[in-house]
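Structure record follows, encoded as structure tokens.
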């Protein structure tokens, strides 16, 4: 269709709490699908596969994949205490 803009993909930066209490940070375009992948099947992150079940504790919307990757990197550099402040716990 001429003149019709395609919707921009929504990206999320998210944090999950693993069963051992550790925090994992990632990015995705579909939070529900990604949580399913983390909690079952081989498509979850290697880190979370041995730390199931995981629980989503934080997410934020970002405009693009590059911004999501930048924000993920910023969050991964935080201390555990700073991540808990971000989560609100």
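Could you grab the pairs with beta carbons closer than 6 Å, sequence gap of 6+ or different chains, first residue in the range 38-56 and on the phi > 0 side of the Ramachandran plot and in contact (Cβ under 8 Å) with a residue 24 or more places away in the chain, second one surrounded by fewer than 15 Cβ atoms within 10 Å (Cβ to Cβ) and in a helix (DSSP H, G or I)? From the range 38-56, no pairs qualify. For the residues 78, 15, 56, 86, the requirement of being surrounded by 12 or more Cβ atoms within 10 Å (Cβ to Cβ) and part of a helix (DSSP H, G or I) singles out 86. On the stretch given as the range 66-83, residues that are more than 12 Å from the chain's Cα centre (by Cα) and in contact (Cβ under 8 Å) with a residue 24 or more places away in the chain total 3.
Read the figures in this text as sums done on the coordinates, not as results from a lab. Bear in mind that the values here come from a model prediction, so they are computed numbers and not experimental data. Neighbour counts run over all protein chains shown; Cβ positions are idealised from the backbone, glycine included.
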